[in-house]
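What follows is one structure encoded as C-alpha cells, with my remarks underneath.
Where a number appears in this text, it was derived from the coordinates with a stated rule and is not lab data. Fair warning: this is a prediction, and the values are worked out from it, not measured in the lab. Cβ sites come from the backbone with ideal geometry, for glycine too, and all protein chains shown count toward neighbours.
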C-alpha cells in the first residue's frame, strides 16, 4: 500500500516504479486544491448533518428534546437495535446534559410495545440485516421530524442505526431548550464501501483508541474498519497456531483473539464490517523474526524500528511458505468473519529475491522473468488459499494481474486511473489515493477527491458499479494514542461525506461549517482530538510557564501545521524510529489549522468587499498585531523548555508575518497604495516565511500575501 | 454529616441545632479568608512538590530523564510494588512523551536483580506494610536525587509509593530535555488519616470516576477514601442478604460486590484505605423502600428525588432493626476489610419518632427523655454490633456521647472545638469542617483550616494525637460524572498538603504555584477537571456559535464562580432534584476562578508598586477593556441558546465592571485623583455587581473595588 509515496522511500529505493509519477501528480493536485477559499463565506449549512443526506426537505417548527424524550422500537427487533437505542439515549444525554432515565433492557422491551404510539421517536425496522454484515446491504432510511414527534423507518437494522445518528446530529440548543428541526429526510449511501484503515502495526493502537474511533465512524456512517495488523515493525494479533508471530514480533503489544472478537462485535453493533490486513510477501519483517525459515534472506531477523520499505520478504518459491500461509489464514479467516480478507501485497523491494540463488534458479526454471512475475506467481497461489477459506482477497494495486480471478478487490493507492483500468478488466476496487490522513491535507482537498472522477468518470455504468467506494488511511509512523484522534478527526468526516452523499455535494463552506459542528459532537463520544492538543502544549510549555507564555505558545501552535506529504522524513533532524518521542510541537498541532482557515476566510471576505468591511479590517489588523507581538513571550518560554526552543524560528516568522500584514492593512485601511519596491520586498520576505522550520509550515502566509498584493494595487481597495 | 449546614435545611427544619451558630461562624471565617491576596507575589515555589515534603535540601545540578530511564526495586518486594513501578513508568511516559520500553512483570523482576547497581532510580524498601492497611503505619521515605542517579528508601511499601509520586512531580521540562532537580528529601506525613469522602449516593459515581480520583489522591498522598454509599436518594452497594436494598433503592445504579472488591484492591495498590459509610438511622429513605417494616413511619417509601434532610428513619425501638443491621453489617464488614466502619448517624430530624406512639411509649418506659437520648440508645447498640464484627465505628459528631466506648472515631462537620472536646474525653476524631469541597471555597481558604488550630491548639500532646487528621468532602447534589473532577481538583490538593506537610507550611503563593502545576499533571492521570469545562461550555454555546461568540462565553465563564456555601438552594429558580440537568453555566465553571485570582494578584502587585508598574497597568487596563467590550458577542450568542440567555445579566455586570475598572485605571495611569462623588457612585455600582445572578458571582469585583479606592486617593498612586 502506498507507504512508497514517501520521500524517505524515494531516497532509499530508486526503482522504476509508477509512484514517482504519482508523487509529481499529487503535488500538482495539491497546488490546485490550495487555491483560495473565497467561496467559503457564501453559504451556510442547510442542515447540520454530516454526511449530508441524499434528500432532505425542511419542515416548519421543531421537536423539543427534553427529559421526557422516548424511543420505541417497532417492527423487526433484535438485541443489537436495543443496544443502539441505549447508546443513542446515552449520547443524547451527553450532548444535552439532560437527565434521561436509565432504561434497562427489560424496561426498553416492555415499554416499546406499550408506548409505541406515544414515543417521541418511533422507529420501524422492516427486517434483519445479514448475520455477517455484507457488502451492499440496504442501508437506507427515512426520518420525519415534526413539532409533535419523529418517525424513523428503515429496511434493515443498518438503516435504523444510520437514522439514529442523523437524529442525534440534528439535536441542537435553541433559545427555548434543546430541539431538532422539523425535516423529512430520505437517505442512502452513494457507495457501499466506506472505510477507514487504521495502522495498528507501526504504532500499536490500544482497544480503547479503536473503540472510540469506531464510535466516530458510526457517527459519520462509515461502514468498514480496515485493520492493518502486520508490518515490519510489528505483528499485532495472537495466533494460537503460530504463537511466535506475536511472541517474537510484537514487543508484547498485540490483540488477543478474545479482544479481536470483542472489537468485531463492537463494530458490528455500529454497522461496521472489520476487514483484517495481513501484509505479505513484503512488509513482513515482524513475522520473520519468529519464522526466519520462511524468508527469502538468511536471517536472523529483528523487529524493524525504522520507517520505510525494507528488504525482508517471504520466499515465494518455498512450499513451506504456502503451507504456513494456508494454516495461518485458515486460523485468521475463522477469527475474522467478514467476507473480505486483505493480504497487502505492496512494496516488495525484491532485494532478498535478487540475492537468493535458489530463488533465481526457481524463476529461471519457471519462466518468471522478473520480480513482478514472481510476485504474480505468489499472488495467484495466495488467492487460491484465501478462496479456499471462503473469502475474497483484497490487495493493494500490486496484486492486480490480468489473469487474476475477478473475485479479488483492488485497493488503490495509485488513483482513479488505476481503479478505472481495473474496473474495465472486471475487477472491483476501492480508492485510497487522496484519502491518506497522515499526509496532512486539508479537509477541502480530501473532499475534492471523488472515486468516480478522472478516468473513472468515463466508465460505463456497469463498470462504475465495480468501484465500491473508498477508504481513508491512517498510517501510524507519527501517531500514537495521544495524537491519533487529531490526525483522523475531524477531517475524516469530509471523506465520509464524499463516500456517502450524492456526488454533487460539493459546497465547501457548508462542509466546513458542518465539520466544525461534528468535531464538537465527536468529543462527547470520547474522541480526544481537541483535548490532547491542549495537554500536549502544556507538556511542551512545562509547569513553570506563565499564562502569558502559554498563550504565546498556543497562539503560535494555532496557525502552524506539520509539513505535508512525505516532507517530514526529508526534514527530520535525525532518522525517526518507533522510539522517537512524539511530543514536539509538530506532533501536537492540528494537521489543518482552524485559526488559519478562519483568518483566510476573513481576508477573502475583506478583499471581496473591496476593503470596505471595516469590522473585518479591524479584526484582521488586531489578529496581525497579536502575531507581530507574540514572539517575546514565546522566546521567554523557550529559555525554559527545549521543546519550545525548537520553534523559536517559527515564532520569529510569525512576528515577521504579523509585521508585514499590519503594514499591508495600514495601506488598505488608509486607502493609499504601496510602492512596487515595497511589494517586491514583502513578497520576497513572504517566500522565506513560507519555508518549513522545525517541520512546521506557517499557514497564514498565503493570506497575508493577498493583503500585500491588494495593498500594492492588486485589488480594488485603494480606490476606497 | 453536615448536609445540615445548608440553607435549604434551614428553611425546612427549624430545630434547635448548633449548626445555626456554625453557619454564622462560617460566614465570618469566609469574610476573613477572602481578604486580599497581596502576599501572593512575594515568593516562588522552592520545590515543585505537592504536598510539600517535611524536609528538603536542594542539591546542585539535575538528573536527566530520558528513554533510558530505569528503576530497580531492591530489599523487600511484592507484586504491588512492581505494579507501582509500572504505573510510575507509564505516568512518566505520559508526562514527558518519552517512549519508555514496556517492561513486562517478568522482565521487571529479572532486570531489578541484575541492574540494581546501574538503574537510574534505585528503590529500597525495608519491609512489607500490613496486609490490610492500618491507621498509623510508617509512610516515611527519603529521596536523594543527584546528577548521576536517584535513590529512594522507605521503611514500608507505603513510603516507597509516596516517594515515587514525589519523584514524578519533580520531573520537569528544561532547556536541555526532561530532568529532575538534585535534592535530598526526608518526608513523612503530619497526620495518619488524610482522606477524601466521595458521595456516590446522591449522584451515582461510576467506577472510572472513582478510579481516576483514587489516582489523583495517590498523587497528593491522601490515604483514605471515605465512600458514602447510602442516602435518601440511593442505596449503592449490592447486598446478597438483603437484595431489595439495591434492587428497590438504587434505580439500578449500584456497585456489585465484585466491583467493590476491585475498587478496594485498586485503592490498596495506591496506599489508600477504603472506609465505607452506611448512614443510619436517618438519611435512610432508600433503604426503607425495600424494607419499610424497619422504619419509624408507616411507609410505603420511595427513593427521594429532592435534596435536604427528610423524615424517614429506622425504628430504634424495634428489635428487628438491630437484627437487620447486625446481619447487614456482618455482610459489609466482610466485604470491606478496613478496620474502620462508618455508620453516619447524622441529621435525624425526629419527626417519625415524634409521630409514632409506639416509639413514644418505648421512650417513656425506658426513661429516654428526648430524641437525642433515643439516638444515643440506638448508637450504643449500633456500636456493639460494629464491634462484634471486629471493627471500630466512625460517625459524624452526633454519635458522640460521654459514655460511648473510646474505640469510636468522630468525624466532625462542626469544627475543631467539637473535636477538641471529644479528644479531652478520650475520643479520636477527624476534621471535615472547613474541607467541604462542594461549598465552593477557595483553595486558600481550605488551606487555612488546620485540624490543630482553634480549641485544638490548646490540647495536651497526648490529646492532640487523638486528632487523626481530616477529610475533604465531596457531597454530590450538584456534581455528576462531568463536573465532579472539577469540583474536587485542584483544590483538594491544598487540603492534602494541609494534612501531610508540617504545620508551618503556609505560604499561599507557593501553594498556588504548586497547585497550578499539579493541576496540569493530574490531567495525565485522566482527571477531567479542565477537559469538561471547555466541552460543557461548547454544549452551552451550541454548534452554531461563531468563534467570537464562543470566546465571549469563555471570557465570562472564566471570571465567575457559583454562589458559595448553601446559597445555591436559596437562589434556585425552582426546587432542584436529582432529575435537574447539570448543564448550566453554574455547573460548568470552576469553583475557584484562576483568571480572577491572577487578575487580583496583578491588581495587588500594581497597587503595591504605587501604580508605577506600567507593564502591570497596561495588562490590567487591557483585561478590563476586554471585559467592558465582551457583552455584544455574548448577547448575540444568547439569541441562539437558552443556556447562554440565562447569563446575560452576568455578562452585563461584567461589562459594567470593565467600564468602572477602565475609568479607575485611567485616573491611576494619568496620576489624577477622582472626585469623592465618583468614588461613591462607583462603589454603589460595585455593590450591585457583587450580587449573585444566575447563581453566579462575578469574582473580580473586589479587585476592581481596590482600583476604585486607589483612584480616589486611597493609595499612594495619585502622587505618581
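Figures for the structure shown
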read-out	value
Separation of alpha-carbon centers, segment B:351-387 and segment B:113-164, rounded to whole Å	51
Other-copy label distances relative to residue B:132, 7 angstrom Cα-Cβ extension, nm	5.3
FRET efficiency, 1/(1 + (r/R0)^6) with R0 60 Å, evaluated for residue A:639 and residue A:134 via beta carbons	0.50
Protection proxy ranking, peptides B:79-91, B:492-504, B:633-645, average beta carbon neighbours within 10 Å, highest first	B:492-504, B:633-645, B:79-91
Amide N of segment B:584-622 lying under 15 Å from the label point, which is placed 7 angstrom from the Cα of residue B:666 along Cα→Cβ	B:621-622
The protein assembly as shown: C-alpha gyration tensor shape, a/c 1.5 cut-off, then a/b vs b/c	prolate
Shortest-first nm distances, residue A:612 label point to equivalent points in other copies (7 Å, Cα→Cβ)	5.4
Alpha-carbon centroid distance for the pair segment A:220-239 / segment B:561-637, whole angstrom	48
Exercise: per-residue mean of other protein chain Cβ atoms within 10 Å, A:578-587	3
Axis-nearest residue in chain A [Cβ, rotation onto B], distance in whole Å	A:531, 3
Relative contact order [Cα under 8 Å, 6+ residues apart], segment B:624-688, whole percent	35
Theoretical FRET efficiency, 1/(1+(r/R0)^6), r = Cβ-Cβ of residue B:148 and residue B:626, R0 45 Å, to 0.05	0.35
Kirkwood Rh in Å, taken over segment B:208-348 so that all alpha-carbon pairs contribute	15.6
Using a 7 Å Cα-to-Cβ projection, residue B:579 label spacings across copies, nm, ascending	6.1
Relative contact order, percent, segment B:439-523 [alpha-carbon distance under 8 Å, six or more residues apart]	39
Most to least packed among B:116-125, B:480-489 [average Cβ atoms within 10 Å]	B:480-489, B:116-125
Mean residue ellipticity (222 nm) of chain B, computed from DSSP H runs ≥ 4 via -39,500 (n - 2.57), nearest 500	-13500 deg cm²/dmol
Inter-part distance where segment B:421-481 and segment A:525-540 are each reduced to a Cα centre, Å	36
Whether chain A is rounded, prolate or oblate, judged on the alpha carbon gyration tensor where a/c under 1.5 counts as rounded	oblate
Mean separation of Cα contacts under 8 Å (6+ apart) over length of chain A, as relative contact order %	13
Neighbouring partner chain Cβ atoms per residue of B:507-519, average, 10 Å criterion	1
Bins of 5 Å, starting at 0 and running to the largest distance - Cα pair percent for segment A:275-421	2, 10, 19, 22, 21, 16, 8, 2, 0
Relative packing of peptides B:699-706, A:675-682, B:526-533 - highest average C-beta neighbours within 10 Å first	B:699-706, B:526-533, A:675-682
